[in-house]
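I have placed the structure first, in the form of structure tokens, so that the comments after it can refer back to it.
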Amino acid sequence: MADLRDHSVGFRFRREWPAYIYLIPTVVVLLFLNAYPIAYTIYISMTDFGTGGRGSLLNYHYIGLTNYYTAFHSGLPTTLTLLENSLFWAGGSVVLFLAVGLGLATVLNQEIRGRAVYRTLILLPWAMPAFITILVWSNMWQYDYGIINEVLATVGIKPVAWLVHADTAWTALFVTNLWLSFPFYTVVFLATMQAIPKDLYEAASIDGAGSFSRFRRITLPYLAPTIIFVGLMGFLFTFNNFYPIYLITSGGPGISTQIFITESYNKAFGSVGASPQLSTAALYSVLDFVIIVAITVVVIWRTDLTRNWLK
Amino acid sequence: MMPRRRARKWLRLGRRIASHAVLIVAVVFALFPVYFIVITSFSKIPIAAITAQVLVPKVSQLTLGSYQQALSGQYPAFTSLLENSLIFAGSAAAIGMGLAAFTGFALSKFNFPGRRSLVYFILIISLFPSFLLIIPYYFMFAKLGLIDTYPGLIIPYSAGAVVFAGILVKNYMDSIPDDIEEAALMDGLSRTGAFFRVLLPLCYPVLGLAAFLAFVGPYTDYALAHVFITSSAKETLALNLYNIATTDTGASNYGVVTAFAIVMSLPIVVFYMAFQRYIIGGLTLGAVRG
């Protein structure tokens, strides 16, 4: 509506008050189902809720920053492994997504026969619900009856125990994650490339620019905002992408592919019989959230994403 | 002149062949698991005996038996699973979409004191991983006696939908010129009237997208349902798929697992493919041109 920025708060309130009524249900949701649970999680992370010792499920106490002290002293190796794995998982995935997405979009952006067919076929994995396809992939990676080892056997490669070694387990995770996401990145980059005015390329060709320098000087600068935006979104999403790790490796072998979110869930609801370690689970949630917010703030502050996002 | 032109022609041909090769590799990678699921669902071969030969089946080895088994004779019954999934996901979609419409309208078309702070607050809140809200929810809902009840799942599912759908609708409404609302006000409509009669109809596409995404989340949710559902009468399609895929019966009869997976994902796949351009545009919040 009319620009009211210059008017006083009182004037704006009198004119714009119906907005508060529209927002009542949402504010209730934000307070009781978001803000309160987050505060409650922070509180649990400062109790002895299920850490053994005095704390039990019904009777727990506030113990201040003791759990944080433990996590950064005696528990430091585990905390660092989780941090390293979370960053490796999200960062590695995003690099793969961007590289494959940009590469395929560049190829598809030529006048090539069957382009629409290729595009549609490539998009298919994205249309399938991830939870379902990840369950299928976790089966495909099995050592003794997984289809991947069976196909490798036909070209004479011995079966690989994918989920038993840390490096092959990461390979399985990255390949699966690439499969889940490359269609989306390819199509998004292709759409952006197709919006670049054609005469820019024509002018560059006349000036004698080769295809590589046209890509570097025209395509890339034009794509930069999109790359930063979908790159950040992909990083945040993958950092907390629960199902691939939970369903394929369960964080194994050991905790070598475990990330904050899966370890937190396991500590809280993990195995039947084992007593839940709620305060540790809550602590990992808090660390996860702090890292995510920090990364987002830095990226938004260092780039001008704000314009797109926070109008 | 001639040799040079011919060289350029060969270069172009080589480039075309290389492009097709790259795209064919990408398509094979994209389609292989899909093909594997489909072919397994029609195959008689139990998973333990699977070899690469399953990928080139003989007609005599094909059967609809797995579909029959997936849709009948299982406990809990398929209809009960479907009903629960539709209740949870449908309610979340309806409630989430309804609240998101009002949220988007208020955040986009009003300039009330505190608007900016609220937008920042929602964006920061939305960064908290939804999977990790399950932990506090569990204890809050246990105190309220809501574990293993329909509201106990519908409430968190809808709450998750409101946050992202609200942002989605706000971004969409930002792109609708203020003139349209002002013209409606000139014609004597109140702001609420202008919202319902003019703005809301313009937002049907984004509301449809919000409802669809709010549906798919709960429809394929395992993490929350696994913790919150304890009786088999409330089991969902996703929970059941996990159970049959990870138990021994699942491993020995993988045809049923894949048949179940196909039946469950087919409506979603059709919707995604039909509205792909629209969904991708919505998901990138308009940051992507074209």
*On the accessible surface of the protein assembly as shown, probed at 1.4 Å, how many percent belong to carbon and sulfur atoms?*
66
*asked:* How large are Rg and Dmax for the stretch B:77-246 when calculated on the C-alpha trace, in angstrom?
replied: 18.6, 62
*Please report the orientation-averaged projected area of the protein assembly as shown, defined via the convex hull of its C-alpha atoms, in nm².*
33.7
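I'd like the interface area for chains B and A: accessible area of each alone minus the complex, both sides summed, 1.4 Å probe, protein heavy atoms only. What is it in Å² to the nearest 100?
The contact between A and B buries close to 9300 Å².
Hey, with R₀ at 60 Å, roughly what FRET efficiency would A:Ile112 and B:Asp174 work out to, going by the Cβ-Cβ distance, to 0.05?
E(calc), rounded to 0.05, equals 0.95.
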*Short version: ³J(HN,Hα) in whole Hz for each residue of the stretch B:77-87, in order, from phi by Karplus 6.51 cos²θ - 1.76 cosθ + 1.60 (θ = phi - 60°), x for Gly and Pro, what are they?*
4, 4, 4, 5, 4, 4, 4, 4, 4, 5, 5
_So if I place +1 on the C-beta of Lys and Arg and -1 on the C-beta of Asp and Glu, and nothing else carries charge, what would the dipole magnitude of the stretch B:77-246 be about its Cα centre? I want it in debye, nearest 20._
340
_Under a Cβ-only charge scheme (Lys and Arg +1, Asp and Glu -1), can you give me the dipole magnitude of chain A about the Cα centre, in debye to the nearest 20?_
620
_All-pairs Cα distance distribution in the stretch B:170-290, expressed in whole percent, bin size 10 Å_ = 11, 27, 24, 19, 12, 5, 1
*Other-chain or far-sequence residues with amide H under 5 Å of A:Thr47's (modelled H)*: A:Ile63
*Just need the Rg to Rh number for chain A, please, alpha carbons only, Kirkwood Rh.*
1.05
_Just to verify a number: FRET efficiency for B:Leu189 and B:Ser117, C-beta to C-beta distance, R0 = 35 Å, to 0.05?_
0.75
_Euclidean distance between Cα centres, the stretch B:161-179 to the stretch A:61-131, Å_ = 27
_Can you compute the charge dipole magnitude of the protein assembly as shown about its Cα centre, using +1 on each Lys and Arg Cβ and -1 on each Asp and Glu Cβ, nothing else charged? Give it in debye, rounded to the nearest 20._
2020
*Kindly point out which whole DSSP H helices in chain A project their C-alpha atoms 24 angstrom or further along the helix axis while averaging a Kyte-Doolittle hydropathy of -1.0 or above.*
A:76-108, A:166-194, A:220-239, A:278-302
*Which order do A:His73, B:His20, B:His226 take when ranked by solvent-accessible area (1.4 Å probe, heavy atoms of all protein chains), largest first?*
A:His73, B:His226, B:His20
*Reference-scaled alpha-carbon Rg (2.2 N^0.38 Å with N residues) for the stretch A:135-259*: 1.47
*Could you tell me which of rounded, prolate or oblate describes the stretch B:12-141, using a ≥ b ≥ c as the square roots of the eigenvalues of the alpha-carbon gyration tensor, with rounded for a/c under 1.5 and, failing that, prolate when a/b is larger than b/c and oblate otherwise?*
oblate
*Please compute the net charge surrounding B:Ser85, taking Lys and Arg as +1 and Asp and Glu as -1 over other residues with Cβ under 14 Å from its Cβ.*
-2
*Can you tell me the relative contact order of the stretch A:76-258? Whole percent, Cα pairs under 8 Å, sequence separation 6 or more.*
38
*Could you pull out the chymotrypsin sites (Phe, Trp or Tyr not before Pro) across the stretch B:209-259 that fall in loop regions by DSSP (anything but H, G, I, E, B) with no more than 10 other Cβ atoms inside 10 Å?*
none
_For the stretch B:77-246: accessible area per residue (Å², 1.4 Å)_ = 36
_What figure, in Å² to the nearest 10, do you get for the accessible area of A:Arg214 with a 1.4 Å probe and non-protein molecules left out?_
60
_Farthest positive-ward along the protein assembly as shown dipole, Cα basis, beta-carbon charges - from B:Leu266, B:Ile45, A:Thr192_ = A:Thr192
*Find the relative contact order for chain A and round it to a whole percent, using C-alpha pairs within less than 8 Å whose residues are 6+ positions apart.*
25
*Roll a 1.4 Å probe over the protein heavy atoms and report the accessible area of A:Leu98 in Å², nearest 10.*
40
*Just subtract the alpha-carbon distance of B:Ile17 and B:Gln69 from 0.36 nm times their residue separation and send over the number in nm, one decimal.*
14.2 nm
*In the stretch A:204-238, which chymotrypsin sites (Phe, Trp or Tyr not before Pro) fall in coil by DSSP and have 14 or fewer other Cβ atoms within 10 Å?*
none
*Between rounded, prolate and oblate, where does the stretch A:1-150 land on the alpha carbon gyration tensor, with a ≥ b ≥ c its root eigenvalues, rounded for a/c under 1.5, else prolate if a/b exceeds b/c?*
oblate
*Which residues' amide hydrogens lie under 5 Å from the amide hydrogen of B:Ser43, considering only partners 5 or more residues apart or on another chain, with H built in the peptide plane?*
B:Thr63
*Distance between Cα centroids, the stretch B:1-31 to the stretch B:185-202: provide it in whole Å.*
55
_Can you compute log10 of I(q)/I(0) for chain B with the Debye formula, treating each Cα as one identical point scatterer, at q = 0.14 Å⁻¹?_
-1.11
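The values are calculated or read from the model by the stated rules, or taken from the named source; none is laboratory data. Computed from a predicted structure; not experimentally measured. Cβ atoms come from the backbone with ideal geometry, glycine included; neighbour counts cover every protein chain shown. SASA here: full protein model, heavy atoms, side chains in, ligands and nucleic acids out. Shrake-Rupley method; radii C 1.70, N 1.55, O 1.52, S 1.80 Å.
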